[in-house]
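Working notes, structure below.
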Amino acid sequence: ELRVEMRVEIARLHKEIGATMIYVTHDQVEAMTMADRIVVLRDGRVEQFGTPMELYHHPKTKFVASFIGQPNMNLIPATVQGTDASGIKVELDGGHRMALPVEASTVNAGDKVEVGIRPEHVQFGANGLNISVNILERLGGVSITYGTIGDETRFCASLPGDAAINEGEKITLAVAPEDCHVFDAAGDVLRRKSAPALVA
């Protein structure tokens, strides 16, 4: 509670003073809620610089993607099945196949990649990811579901608070291909052909 109060107070002072401020934090919620621009540092080097929503919608690396967003982005190991002008086709751990609209010039069939899916970008639907629900956190307006795809790939989903699910169940969750991020073996993003518009 004190952290929230201090965050609001610092934001109020920033607006009142009107001066440039540099705020250093390891708390991504503080970074997202207080900053006009964020510099994400890793080992003393700049990973990405931009507005909070630029970093959320267009992370340039797996490191940035896993840092921004609450709960953290799911990163699912996958194998490239093929590429064409529309993007790439992948098979996720657990067997699910997807066609993803990303630039395919730097990957080939057989390459290992990771598919990033934000917990809030999934919904109940057919022909989706099969999730075994292990832990369910009912937070009122939202239910945070922790489970696995296949034998051991962890997956987190942010679902409606009154979602009719229970621990131990298997559920199917769908995600729009354009909401997925793809990271190559080096952790760099494959640019999406279509993506959400930015909010300044």
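Output yes when any residue across segment 147-170 is within 28 Å of residue 33 (Cβ to Cβ) and modelled with pLDDT under 90, and no when none is.
Checking segment 147-170: not a single residue is within 28 Å of residue 33 (Cβ to Cβ) and modelled with pLDDT under 90.
Under 6 Å between Cβ atoms, at least 6 apart or on separate chains: pull out the pairs that start in segment 121-150 with a residue that is free of Cβ contacts under 8 Å to residues at least 40 places away in the same chain and of a type in the set (Phe, Trp, Tyr) and end on any residue that is open to solvent by less than 80 Å² (accessible area, probe 1.4 Å) and assigned to a strand (DSSP E or B).
Within 6 Å, the pairs are 146/134; 146/156.
Check residue 163 against each of (1) part of a strand (DSSP E or B); (2) open to solvent by less than 70 Å² (accessible area, probe 1.4 Å) and name the one condition it does not meet.
Condition (1) is where residue 163 drops out.
Taking into account only those residues within segment 146-160 that are part of a strand (DSSP E or B), out of contact with any helix residue (DSSP H, G or I) (no Cβ under 8 Å at 6 or more places or on another chain) and of a type outside the set (A, V, I, L, M), which is nearest to residue 125 (Cα to Cα)?
160
Which of (1) surrounded by 17 or more Cβ atoms within 10 Å (Cβ to Cβ); (2) touching a helix residue (DSSP H, G or I) at 6+ places or on another chain (Cβ under 8 Å); (3) in contact (Cβ under 8 Å) with a residue 24 or more places away in the chain is the odd one out, the single condition residue 33 does not satisfy?
With (1) surrounded by 17 or more Cβ atoms within 10 Å (Cβ to Cβ); (2) touching a helix residue (DSSP H, G or I) at 6+ places or on another chain (Cβ under 8 Å); (3) in contact (Cβ under 8 Å) with a residue 24 or more places away in the chain applied to residue 33, the lone miss is (1).
Applying the selection to segment 177-187, what residues are in contact with a helix residue (DSSP H, G or I) (Cβ under 7 Å, 6 or more places away or on another chain) and part of a loop (DSSP other than H, G, I, E, B)?
Residue satisfying the conditions is 187 alone.
Among the numbered criteria (1) open to solvent by 30 Å² or more (accessible area, probe 1.4 Å); (2) out of contact with any Phe, Trp or Tyr (no Cβ under 7 Å at 6 or more places or on another chain), which one does residue 135 miss?
Result: residue 135 fails condition (2) only.
Residue 127: open to solvent by 10 Å² or more (accessible area, probe 1.4 Å) and part of a strand (DSSP E or B), yes or no?
When the stated conditions are applied, residue 127 passes them.
Which of (1) in a strand (DSSP E or B); (2) within 30 Å of residue 26 (Cα to Cα); (3) among the hydrophobic types (A, V, I, L, M, F, W, C); (4) open to solvent by less than 30 Å² (accessible area, probe 1.4 Å) is the odd one out, the single condition residue 55 does not satisfy?
Looking at each condition in turn, residue 55 falls short on (1).
Looking only at residues that are open to solvent by less than 40 Å² (accessible area, probe 1.4 Å) and in contact (Cβ under 8 Å) with a residue 40 or more places away in the chain in segment 58-67, which one is nearest to residue 119 (Cα to Cα)?
This residue is 65.
In segment 4-30, what residues are surrounded by 10 or more Cβ atoms within 10 Å (Cβ to Cβ), free of Cβ contacts under 8 Å to residues at least 24 places away in the same chain and among the basic types (Lys, Arg)?
Result: 12, single match.
Name the residues in segment 68-113 that are outside any strand (DSSP E or B), under 30 Å from residue 139 (Cα atoms) and open to solvent by less than 60 Å² (accessible area, probe 1.4 Å), would you?
Of everything in segment 68-113, those that are outside any strand (DSSP E or B), under 30 Å from residue 139 (Cα atoms) and open to solvent by less than 60 Å² (accessible area, probe 1.4 Å) turn out to be 68, 69, 71, 73, 96.
With respect to residue 117, is the statement that it is among the β-branched types (Val, Ile, Thr), under 24 Å from residue 61 (Cβ atoms), surrounded by 20 or more Cβ atoms within 10 Å (Cβ to Cβ) and under 18 Å from the mean Cα position of the chain (by Cα) true?
Answer is yes for this residue.
The values are calculated or read from the model by the stated rules, or taken from the named source; none is laboratory data. What you see is a predicted model, and the numbers here were worked out from it, not measured in a lab. Positions of Cβ are generated from backbone atoms using ideal geometry, with glycine treated the same way; all protein chains shown enter the neighbour counts. Just the protein is used for accessible areas: all its heavy atoms, side chains included, with ligands, DNA and RNA removed. Shrake-Rupley method; radii C 1.70, N 1.55, O 1.52, S 1.80 Å.
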